[in-house]
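The structure appears right after this line, and notes come after that.
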Amino acid sequence: MDVDEFRVRGKEMVDYICTYMNTLRKRRVTPSVEPGYLRTALPSEAPMYPEPWDNVMSDIESKIMPGVTHWQHPHFHAYFPAGNGYPSILGDMLSAGIGCIGFSWAASPACTELEIIMLDWMGKAIGLPPAFLPFSEGSKGGGVIEGSASECVLVSMLAARAAGIKRLKHQFPTVDEGLLLSKLIAYCSKEAHSCVEKAAMISFVKLRILQPDEHGCLRGETLKEAMEEDEEAGLVPFFVSTTLGTTSSCSFDNLLEIGPVVRKFPSVWLHIDAAYAGSSFLCPEHKHHLAGVEYADSFNTNPNKLMLTAFDCSLLWVTNRYLLTSALVVDPLYLQHCYDHTAIDYRHWGISLSRRFRSLKLWFMLRSYGISGLQKYVRRHCELAKYFEQLVRKDSRFEVVNQVKLGLVCFRLIGSPDENHQQVDELNKKLLTNINASGKIHMVPASFRDQYVIRFCVVHQYATREDIEYAWDVITDFATELIEGPDKERDLNEERARRTRATLAHKRSFFVRMVSDPKIYNPAINKTPPPFPTSPDTPPSAATPDTPSEAGSVVPSTPKQSSWISWPLAFFFQSVDHDSNDLPLRFRHLDTMVRLKSPNQGRRGSSPGASPERRVPSPSAN
């Protein structure tokens, strides 16, 4: 394709995207396909010779679109919004056209400098303290655009881990770093995103998952008890991840309580994940959720969720950029340049070396909409969610289970008085499966307060009250059919039979079952505290909190099952499905007790060694 054809085809592609966006209402929201559908539709090998562009585009409609979930559909109400504003699409186009790889200032100065300025603009707009901003006088802070919130959490944890091990190495210079690593422990709420647990797996550190209160909020006292308990057991707290706007219920952890608790422990890094809610802080009426942010060491939010900016675009700020970069710096000669001591090189701020010119689309959005335009969108988003909440509360068959603060409403059928907890969960699961099978609207479930709930999120950029009313009509129609049955409404029998025939294939669809019941496609999902680890020869009743498992997992003694520890060894060495093909693993050397000794051992928080009463088995120094 030469430049002349690209000019023609590029205009055609813009026309195609515009037509796609304008005709979404005519499409089914979700696909009705089974895994592997595309493999049978495409050749088994790449073409040897060029094909006409028209043939490529015709396959988009016939082969690709049948398997697309239309996230920009007016009746898509799953997950959180996926920003898709036209200025951000144009920004991505220009970024692809320029084609620079901005790993350092010298690699493309404008790429680096615009990113710095965009993080400064956004930090001021949402109300971050000056310590996070790159141009504030005396500030060591700054920001970077990562690909996702998962990356933000991971790099923050890696920075905290490096700082934690460095501090311990000063105290225990003769102890191997691997042993010091085994003492580190991080914390998050049960409502925190799964990326925190994945970050702990990648970082190879223990993670204590804490029980939130009845509103899904992590409280300071809960964290304090866990950290003190772990310190008594010889572990070293080093990282706390909090959430503003959780995925399951859009709950907010109590930063004003958590911040002072974290400050009482030496060098513990406090991270705030505001992936969804962060953009709402553009509005003065939502800024109160930021109370306590001054205690944090890092903060992230995703403009690609609630600020109409196309994925990927996740903003991360830190109060000490040197702690972040020192944990990630690798500096070969071929990447050095004469300004590397005075300019920011973003290759030291994340996992990957290569970086796209992502700041362009954020710049385009901020200039095209202005803060006032983005505020208007956020307010409309929240207003429509409140309207949906009102509709739910008017129907006595349903209940709203979360505090609706932004654009997410979690609701469920109450069920009859004679139905138990499990039966009500199954009732709601069947309701959601039937709705998703129809293809009329799309929602996903969540577990909140150990209940199966249905999440309804306002997603479409131009959503109206009519869209909300349509969704509620679909939900109540299926609820009526499910609860009352065909015998009680004989006049609807014919319509129901037609609907049943039309959706039977969809109900069998793997996709529908997958999104309605996540355990189907991931049996490892477990949102309740696991039992204390036992060996294959030990009966469950004989297990004790201080018993090391055959997999090497160790859970400190705890008086109640209000929290539990996720430890990578348990994941890697113990199959979730106990496959008979798994090799039996035994670690007899784990019985060796190793204690770290320091001249300051008597001082609280100075030693990661276990107390004589509560030692934690550690890998042998040999």
Breaking point among (1) exposed (fewer than 15 other Cβ atoms within 10 Å of the Cβ); (2) part of a loop (DSSP other than H, G, I, E, B); (3) in contact (Cβ under 8 Å) with a residue 24 or more places away in the chain; (4) not hydroxyl-bearing (Ser, Thr, Tyr), for LEU406: (1)
Single condition THR325 does not satisfy, out of (1) in a loop (DSSP other than H, G, I, E, B); (2) modelled with pLDDT under 90: (1)
Check on SER279, surrounded by fewer than 20 Cβ atoms within 10 Å (Cβ to Cβ), touching a strand residue (DSSP E or B) at 6+ places or on another chain (Cβ under 8 Å) and either touching a residue at least 12 places away in the same chain (Cβ under 8 Å) or among the small types (Gly, Ala, Ser) (or both): no
Checking LYS224 against (1) of a type in the set (Lys, Arg); (2) open to solvent by less than 10 Å² (accessible area, probe 1.4 Å); (3) farther than 20 Å from ASP450 by Cα, the condition it does not meet: (2)
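Among the candidates GLY102, GLY127, which residue alone is on the phi > 0 side of the Ramachandran plot and small (Gly, Ala, Ser)?
Values: GLY102 fails: on the phi > 0 side of the Ramachandran plot.
Only one candidate qualifies: GLY127.
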Qualifying residue in region 93-110 (condition: crowded, with 21+ Cβ neighbours inside 10 Å and assigned to a helix (DSSP H, G or I)): no
Boolean, GLU113 is part of a helix (DSSP H, G or I) and free of Cβ contacts under 8 Å to residues at least 40 places away in the same chain: yes
First in region 28-48 and hydrophobic (A, V, I, L, M, F, W, C), second anywhere and outside any helix (DSSP H, G or I), Cβ under 6 Å, 6 or more apart: VAL29/HIS70; VAL29/HIS73; VAL29/HIS75; VAL29/PHE76; VAL29/GLY439; VAL29/HIS442
Unmet requirement for LEU119, which otherwise passes all of (1) surrounded by 24 or more Cβ atoms within 10 Å (Cβ to Cβ); (2) touching a strand residue (DSSP E or B) at 6+ places or on another chain (Cβ under 9 Å); (3) not in a helix (DSSP H, G or I): (3)
Test: residue in region 205-222 that is in contact with a Lys or Arg (Cβ under 9 Å, 6 or more places away or on another chain) and more than 29 Å from LYS287 (Cα to Cα): yes
Segments classed as strands (runs of 3 or more DSSP E), wholly inside region 180-284, with at least 2 members that are under 15 Å from ALA149 (Cα atoms) and either touching an Asp or Glu at 6+ places or on another chain (Cβ under 8 Å) or among the polar types (S, T, N, Q) (or both): 236-243
Cβ pairs under 7 Å, 6+ apart, first in region 168-189 and closer than 12 Å to LEU235 by Cα, second open to solvent by 40 Å² or more (accessible area, probe 1.4 Å) and among the aromatic types (Phe, Trp, Tyr): LEU181/PHE204
Candidates PRO35, PRO43, PRO87, filtered to the one that is more than 30 Å from ILE435 (Cβ to Cβ) and either open to solvent by 70 Å² or more (accessible area, probe 1.4 Å) or at pLDDT below 90 (or both): PRO43
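Which one of these is within 26 Å of the chain's Cα centre (by Cα) and buried (at least 19 other Cβ atoms within 10 Å of the Cβ): GLY164, GLY147, GLY234?
Details: GLY147 fails: buried (at least 19 other Cβ atoms within 10 Å of the Cβ); GLY234 fails: within 26 Å of the chain's Cα centre (by Cα).
Answer to the selection: GLY164.
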Residue within region 111-124 that is among the hydrophobic types (A, V, I, L, M, F, W, C) and in contact with a Gly (Cβ under 6 Å, 6 or more places away or on another chain) present: yes
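The values are calculated or read from the model by the stated rules, or taken from the named source; none is laboratory data. Bear in mind the structure is a predicted one, so any value in this text is a computation, not a measurement. Cβ sites come from the backbone with ideal geometry, for glycine too, and all protein chains shown count toward neighbours. Remember, those area values only see protein heavy atoms, side chains included, never the ligands or the DNA or RNA. Shrake-Rupley method; radii C 1.70, N 1.55, O 1.52, S 1.80 Å.
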